[in-house]
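For reference, the structure discussed in these notes is given below.
The values are calculated or read from the model by the stated rules, or taken from the named source; none is laboratory data. Everything numeric in this text was worked out from a predicted model, so none of it was measured. Cβ atoms come from the backbone with ideal geometry, glycine included; neighbour counts cover every protein chain shown. These area figures cover heavy atoms from the full protein model, side chains too; ligands, DNA and RNA do not enter into them. Shrake-Rupley method; radii C 1.70, N 1.55, O 1.52, S 1.80 Å.
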Amino acid sequence: MNIVVLVKQVPDSGSERTLDSTDNTVARASADNVINEMDEYAIEEALKVKEAHGGEVTILTMGPDSATDTIRKALSMGADKAIHVTDPALHGSCVIATSAVLAKALGTIEWDLVLSGAQSTDGGLTMMPALLAERLGVAHLSGARKLTVDGSKLTVERQTDGGYWTIEGQTPAIVSTWDTMNEPRYPSFKGIMAAKSKPVTTLSLADLGVDESEVGLGAATSTVLEFASRPPKSEGEQVNDEGDGAAKLADFLASKKFV
Amino acid sequence: MAEVLVLVETVADGDGVGLKKVTLEMLTAARALGEPSAVVAGLAGTAAAVKERLAEYGAAKIYVAESEDIDNHLVAPKAEVLAKLVGDTSAAAVLLPSTQEGKEVAGRLALKIGSGLLTDISEVDADGTVTQVVFAGAVIVKSKVAKGTPIYTVSPNSVPPEPAPAAGEEIAVDIAISDDAKRVTVVERTVEASGGRPELTEASIIVSGGRGVGSAENFALIEGLADSLGGAVGASRAATDSGFYPHQFQVGQTGKTVSPQLYMAVGISGAIQHRAGMQTSKTIVAINKDNEAPIFELADFGVVGDLFAIVPALTEEITKRRA
């Protein structure tokens, strides 16, 4: 079973993140960029499926040159090869245009299964796998916390608010994953060394037959008008518990009409 | 006045069907853009169970698409229903809940009708300018859809629902779901015990426990406090990773994003991972033994002390005052 894992490089959610005031896009140049955490679970699942059923694992990412670091991380976990879609004209592309480009890129290789983190930690749209499924006309088994592969039949436990749904579909398919799915492995030293020589194919818009006018900030289907840092919260009240902490807290809750 | 389509999200209510609160919030928000029309897509009988509430909250029309094909297949049938209605009604906008399903439907719909979309909005103005809170609550963005019939997904708990009685005229939607939309079958829906507590993203009050709670058994303290307030129980990633509480109750960057009226963080230090999921809560209370814990920077009221002494006393005090 040949698997493609969608991977995105994002600004580290543990450090300060903002937008770039020159064009209101995500400030990536100034950020500490890392692999989108949710994608590590998708990579882990892909490696497990490969271990059980054979095949190859290909990483697909779209992003600037710096995304090479993220690709190497994914390869060092054990993926076999990677496709890096990069082109200056892609800067500022909206989710709709990005999905068009990724769909084209998925058309350049043979695959049975696409795995993707359900959500990125920067935009958080939770939408890319659904957009790709719609464009490609394949099944989307979304929000997985468990995946079972039986030949071409896929069964997923879809995490829901009050429990889970058991859903089924056939390959070719896209499965999006939550962090409840598995425990991603750490790259081994051997894996890190091996990643350096694994093949990475770089594709430009011209390679994919996408016209520059269809992507980028100018073609975006939504526009950021302005942004501002959220004002800091005004200083709250803090008390040390001297045996009366609970009563003081109850008074506070009563003053806010919660009790 | 132009119609604004609102995709109704329902929730099991005992043996029947009820409305998720976010549906009422969307009907309220939709009034800024036009006349709200509710869209019910599900099993036969769904609309009958919820139509009075929809009308009470401003639905002038209720479009009803009910069939097993819609209920038995994931997401895609609902996008087909909405795409047809956008065409039939020349709607001014479409609102969906910012839930996993709502976002997936929104994405598919955007491609079907050639529109742009914006997710996780907390406000929308008459001219279509929306407010989004991004990057773990650190940045507020004003945006606009630049193409087609705008599609918005609305964050739960961001618009206070206000009744505005309307006609609630039922209109059957004549649609056959395509084979393309039947690629994923829902085999079974399993409900896991929530102890009768409200659902996290919908709850007005949430009590969350963290590493400081120390064990799964000790989470009974958190549950007791939540129950005294009629609230939901959440957990930090440290607590779910340690197996103290099930993963689906995790609040944070990799879990649920919540915005309740009251958020109580107990034994939670307040790492960015956690803050990302609760920073926009209206009132925040923290109990922690470390007075330097970053959670206190967010707290409207903080108590420095031993949670094992404070929480039981607080639960008792609240129960007494509420009696």
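Points worth noting:
- Only a single item in (1) within 14 Å of chain A (Cβ to nearest Cβ); (2) under 18 Å from B:T28 (Cβ atoms) is not met by B:A91, and it is number (1).
- Residue in segment B:132-140 that is polar (S, T, N, Q) and open to solvent by less than 40 Å² (accessible area, probe 1.4 Å) present: yes
- Conditions (1) open to solvent by 30 Å² or more (accessible area, probe 1.4 Å); (2) part of a loop (DSSP other than H, G, I, E, B); number of the one not met by B:K78: (2)
- One residue alone among A:L154, A:L147, A:L102 is more than 7 Å from chain B (Cβ to nearest Cβ), open to solvent by less than 10 Å² (accessible area, probe 1.4 Å) and farther than 28 Å from B:A203 by Cα, and that residue is A:L154.
- Scope segment B:1-16; condition away from every other protein chain (no Cβ under 14 Å) and open to solvent by 40 Å² or more (accessible area, probe 1.4 Å); matching residues: B:M1, B:A2, B:D15
- Among the residues making up segment A:167-198, those that are touching a strand residue (DSSP E or B) at 6+ places or on another chain (Cβ under 6 Å) and over 21 Å from A:D112 (Cβ atoms) are A:W178, A:T180.
- Screening the candidates B:P150, B:P165, B:P156 for the property of being in contact (Cβ under 8 Å) with a residue 24 or more places away in the chain and out of contact with any strand residue (DSSP E or B) (no Cβ under 9 Å at 6 or more places or on another chain) yields one hit, B:P165.
- Any chance A:S66 is more than 27 Å from A:G169 (Cα to Cα) and either touching a residue at least 24 places away in the same chain (Cβ under 8 Å) or within 14 Å of chain B (Cβ to nearest Cβ) (or both): yes
- Among the candidates A:L75, A:L90, the residue that is at pLDDT 95 or above, open to solvent by less than 30 Å² (accessible area, probe 1.4 Å) and more than 25 Å from A:E134 (Cβ to Cβ) is uniquely A:L75.
- Looking only at segment B:195-215, and only at residues there that are open to solvent by 50 Å² or more (accessible area, probe 1.4 Å) and touching a Gly at 6+ places or on another chain (Cβ under 8 Å), the one that is farthest from B:K282 (Cα to Cα): B:R211
- Pairs where the first residue, in segment B:39-54, is assigned to a loop (DSSP other than H, G, I, E, B) and the second is open to solvent by 40 Å² or more (accessible area, probe 1.4 Å) and modelled with pLDDT under 95, C-beta under 9 Å, 6+ apart: B:L43/B:V17; B:G45/B:V17
- Residue ranges of helices (runs of 4 or more DSSP H) in segment A:184-259 with at least 2 members touching a helix residue (DSSP H, G or I) at 6+ places or on another chain (Cβ under 8 Å) and facing chain B (nearest Cβ under 9 Å): A:245-255
- Residue that is nearest to the chain's Cα centre (by Cα) [pool: residues in segment B:203-217 that are assigned to a loop (DSSP other than H, G, I, E, B) and closer than 18 Å to B:I295 by Cβ]: B:G210
- Considering (1) in a helix (DSSP H, G or I); (2) open to solvent by less than 10 Å² (accessible area, probe 1.4 Å), the lone condition that A:V114 does not fulfil carries the number (1).
- Each residue in segment B:120-145 was checked for being over 11 Å from A:L225 (Cβ atoms), facing chain A (nearest Cβ under 8 Å) and not hydrophobic (A, V, I, L, M, F, W, C), and 2 of them qualify.
- Residues in segment B:241-254 that are more than 8 Å from chain A (Cβ to nearest Cβ) and not in a strand (DSSP E or B): B:D241, B:S242, B:G243, B:F244, B:Y245, B:P246, B:F249, B:G252.
- Only residues that are of a type outside the set (S, T, Y), at pLDDT below 95 and in a loop (DSSP other than H, G, I, E, B) were counted in segment A:117-168, giving 8.
- B:I287 being open to solvent by less than 70 Å² (accessible area, probe 1.4 Å), facing chain A (nearest Cβ under 8 Å) and not in a helix (DSSP H, G or I): yes
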